[in-house]
1. Which members of segment 120-140 meet the condition of being in contact (Cβ under 8 Å) with a residue 24 or more places away in the chain, more than 16 Å from ligand 2 (Cβ to nearest atom) and within 24 Å of P156 (Cα to Cα)?
2. If we keep just the residues of segment 42-57 that are part of a helix (DSSP H, G or I) and of a type in the set (V, I, T), which is farthest from T273 (Cα to Cα)?
3. Which of the residues that make up segment 39-66 are free of Cβ contacts under 8 Å to residues at least 40 places away in the same chain, under 22 Å from L288 (Cα atoms) and of a type outside the set (G, A, S)?
4. Which one of T83, T8 is over 29 Å from C142 (Cα atoms) and not acidic (D, E)?
5. Can you pull out every residue in segment 293-319 that is closer than 19 Å to Y128 by Cβ and basic (K, R)?
6. Sort out which residues of segment 211-259 are basic (K, R), under 19 Å from the mean Cα position of the chain (by Cα) and more than 16 Å from ligand 2 (Cβ to nearest atom), and write them in order of number.
7. If the Cβ limit is 7 Å and pairs must be 6+ apart or interchain, which residue in segment 163-174 that is at pLDDT below 95 pairs with which residue that is within 12 Å of ligand 1 (Cβ to nearest atom)?
8. (1) surrounded by fewer than 23 Cβ atoms within 10 Å (Cβ to Cβ); (2) more than 16 Å from ligand 1 (Cβ to nearest atom); (3) within 22 Å of A277 (Cα to Cα): which one isn't true of P189, the others all being true?
Amino acid sequence: METPRLLTPLVQQDPDPSAAVLVERIQALKARHNAIILAHNYQIGEVQDVADYVGDSLELARFAARTDADTIVFCGVHFMAETAKILNPGRRVVVPDLKAGCPMSDMITPEEVDRLRGQHPDAVVVTYVNSPAAVKAKSDICCTSANAVRIVQSIPEGTPVIFIPDQFLGDYVQRATGRKMILFEGYCPTHMRIMSADIDLARYEHPDALIIAHPECQPEVAVKSDVVASTSRMASSVRESQAHTVVVGTELGMIHRLRKENPEKEFIPACSTCDCANMKVNSLEKILWALEDLSPEILLPEEIIRDARTALDRMLEHS
Ligand code: 13P
Ligand code: SF4
């Protein structure tokens with residue numbers, strides 16, 4: 001008898017029949033307010049499905065920067081909505097739930113940036129977008145997981161680089177560029193749950209599978225995976241791959257988009273607890289309330305917008 005496998009596909013949930021009514025009301029309010037809905041690749045399926053655009057942090061930032069909608073309903077986490085506001089301050093940016101934060105972003109403060117600059121006065125500060133607006137405002141240039149390698153490569157050889165706040169994305173960039181950087185010790189508590197042993201088990205039980213991982217994963221996980229990329233780049237790698245089975249080394253919400261784009265393929269989470277609770281607080285009901293009240297709104301001081309924008313604009317010039 002064959003031994004049952006430990007790593008198995010995620011069970012697909014049936015659609016909620018009450019969702020159709022909510023979607024209809026959301027669409028009507030969207031038209032009334034000239035609003036658009038942006039959603040990150042980790043949002044729950046219903047939220048992704050009602051969105052006008054679903055993407056990774058870089059794509060969402062680019063989309064937000066050029067939209068002429070009056071209101072952006074941003075379904076992701078707080079730093080992503082802040083980024084949209086900074087890049088397009090004339091638009092109203094609302095979120096379904098202000099509690100959708102990012103623990104990694106909360107690990108870094110403006111005071112910490114000042115301290116690091118004091119220790120390394122000649123260094124360029126490269127800040128991952130998973131950071132508060134006030135930290136971006138103190139940075140030289142921002143990056144996302146999609147362009148971090150390119151951004152660091154754009155800095156002249158020999159210039160010291162302080163990379164904040166994700167030590168694992170920083171480590172990935174160091175390996176990709178061969179460049180040593182000053183790393184801050186932040187991390188994503190969700191991606192931290194994926195262990196090297198999970199990838200070993202996946203290879204053993206699914207030897208023909210494509211293994212994809214996010215660069216926020218621990219280095220032992222990243223080096224053992226076939227593709228290490230931003231969430232949208234993971235999606236394109238899966239579309240391009242011949243593999244029938246894909247082991248997903250990132251937040252579980254990603255599997256909704258992967259299944260939708262590749263209905264014939266099988267998706268297996270590398271770790272069944274890799275769930276970002278913050279990404280999951282948004283819902284159709286909360287989108288509807290945000291559109292009814294045009295609140296809660298993201299508001300930032302003018303000088304923070306001005307200074308953070310410089311760092312974000314420099315990033316977009318290189319992307
Ligand atoms: P992406 O920019 O790759 O979508 O990642 C954002 C994120 O928060 C990953 O945890
Ligand atoms: Fe932040 Fe990690 Fe959640 Fe991404 S998955 S939003 S980095 S806590």
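The values are calculated or read from the model by the stated rules, or taken from the named source; none is laboratory data. Please read all numbers here as calculations on a predicted model, not as lab measurements. Here Cβ is always computed from backbone atoms with ideal geometry, including for glycine, and neighbour counts include all displayed protein chains.
1. Here is the first cut: in segment 120-140, the ones in contact (Cβ under 8 Å) with a residue 24 or more places away in the chain are 120, 122-140.
Next, from what is left, pick out any that are more than 16 Å from ligand 2 (Cβ to nearest atom): 120, 122-126, 134, 137-140.
H120, D122, A123, V124, V125, V126, A137, K138, S139, D140 - these are the residues of segment 120-140 that are in contact (Cβ under 8 Å) with a residue 24 or more places away in the chain, more than 16 Å from ligand 2 (Cβ to nearest atom) and within 24 Å of P156 (Cα to Cα).
2. As a first pass, look at segment 42-57 and keep what is part of a helix (DSSP H, G or I): 45-50, 57.
Still in the list and also of a type in the set (V, I, T): 47, 50.
Numbers: V47: 21, V50: 25 Å.
That would be V50.
3. D49, D52, Y53, L60, F63, listed by residue number.
4. Working: T83 fails: over 29 Å from C142 (Cα atoms).
Going through T83, T8 in turn, just one is over 29 Å from C142 (Cα atoms) and not acidic (D, E): T8.
5. R309, R314
6. Step one: of segment 211-259, the residues basic (K, R) are 224, 233, 239, 257, 259.
Next cut, under 19 Å from the mean Cα position of the chain (by Cα) only: 233, 257, 259.
Passing the criteria: only R259.
7. none
8. Against the list (1) surrounded by fewer than 23 Cβ atoms within 10 Å (Cβ to Cβ); (2) more than 16 Å from ligand 1 (Cβ to nearest atom); (3) within 22 Å of A277 (Cα to Cα), P189 comes up short only on (2).
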